[in-house]
1. Is it fair to say residue A:233 is farther than 30 Å from residue B:68 by Cα, touching a residue at least 24 places away in the same chain (Cβ under 8 Å) and within 14 Å of chain B (Cβ to nearest Cβ)?
2. Just for the range A:245-292: of the residues that are outside any helix (DSSP H, G or I) and free of Cβ contacts under 8 Å to residues at least 24 places away in the same chain, which one is farthest from residue A:304 (Cα to Cα)?
3. Being assigned to a helix (DSSP H, G or I) and within 18 Å of residue B:52 (Cα to Cα) is the filter here, so list the residues in the range B:121-139 that pass it.
4. So if I check each of A:200, A:210, which one is within 20 Å of residue A:239 (Cβ to Cβ) and in contact (Cβ under 8 Å) with a residue 60 or more places away in the chain?
5. Show me the strands (runs of 3 or more DSSP E) entirely contained within the range A:105-192 in which 3 or more residues are touching a helix residue (DSSP H, G or I) at 6+ places or on another chain (Cβ under 9 Å) and at negative phi.
6. Being facing chain B (nearest Cβ under 8 Å) and in contact (Cβ under 8 Å) with a residue 12 or more places away in the chain is the filter; apply it to the range A:147-158 and report the residue that is surrounded by the most Cβ atoms within 10 Å (Cβ to Cβ).
7. Here is a check on your reading of the model: is residue B:1 assigned to a loop (DSSP other than H, G, I, E, B), modelled with pLDDT under 95 and surrounded by fewer than 16 Cβ atoms within 10 Å (Cβ to Cβ)?
8. State which residue is surrounded by the most Cβ atoms within 10 Å (Cβ to Cβ) when the search covers only the range B:17-48 and only residues that are under 11 Å from residue B:125 (Cα atoms) and at pLDDT below 90.
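The values are calculated or read from the model by the stated rules, or taken from the named source; none is laboratory data. Worth saying up front: this structure is predicted, and the values here are computed from it rather than measured. Please note: Cβ atoms are built from the backbone with ideal geometry, for glycine as well, and neighbour counts cover all protein chains shown.
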């Protein structure tokens, strides 16, 4: 890391400071902090290979995580230093601008747009990517996100309103749902207050129904985690809103829907311990609400049998 | 009485809306607009649900104008085109521009903040009464708006009519 200033691991392993209002951030357990720091060291090792790498070894752990697999761990490792792309992508000029979260993929800001509370999601240039890929990927993800948000709206699936899409800088301006909290934070607070997981069953049922509606529209979210589902205030109303459609696509295949649910399952169970009953309830609600759920659940069971340390017999 | 809002992403520009009711010379105004002798875009207020709708369309128009990627030839035409849910320019003018028989007109101006724009000058060309933008909801034809934007019944459950319209305006070209 010759000559590079490491800003003291601002986001690495810690909690981004609360920005008054919705705290739409991922929390990372302490173990991940270790990963993050070791990720930095890994990036350093990479940088020693040559001058090119040194300049681009900024984002800790970012190398290799391009397709954005779901899971809080990945985000934890990568919200390290902003990286060189930060200099070239100026923040949008909105009044009251505040950085909400810096991820590997994009920077999320809050501000006022045409008199309304808005969120600006800026997919900044990643210098570690090949330039030809860079432009195409960022633009495709931005466009895909906008398209999916429109599709959600048409189908009656709650998602933020799109105010403006800037294809020149790959920045999307969305409605800011003021006071919303992520389902992740809601579950944390419910568990912390000592309540039983059974108080989360209502939430599970609502989530199952919402995902069923989304999959029935053949819309695959691609990055289903509890931090990508928001609860409008007041939280008791269980008014859910889906966000972050950058990895979404259209597909009718039960395989894709099964994988979507599997991603959620993995993220859910790894972030929230002792919530197996809650996720079961979610799946039951999904199966009841979706007309095409049979093959999807079957596929989900098959997908569970794949992966690391899983026997592929059968 | 008029409404002015700055465009945050374009620091030197602002959008001003003027609403007129009981307009007698819509035909003459339309002709002037086509010739380019009147400043601003002339819009049919029956298709506008809220000034925010116009602001979003104007913001997009200014952005495309700045990067040279407008679909129409002038900024004012682009604002009207952006309001339309489809990509047919003449259809956009027919539905969102003013027609000869209209009795209400919404004039939208994109101005540079330092430049003094003479609003009285524009208002004097309209044979009608200038009214506050608060009266806009009374002039809106909600049924027609729902039909033109093809708002689905499921959509109305998760948000307002305005939300659905804004989504369509902003994601039309994706």
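1. No, not satisfied.
2. A:273
3. Matches in the range B:121-139: B:133, B:134, B:135, B:136, B:137, B:138, B:139.
4. The match here is A:200.
5. Fully inside the range A:105-192 and qualifying: A:162-166, A:171-175.
6. A:149
7. Answer is yes for this residue.
8. Here the answer is B:38.
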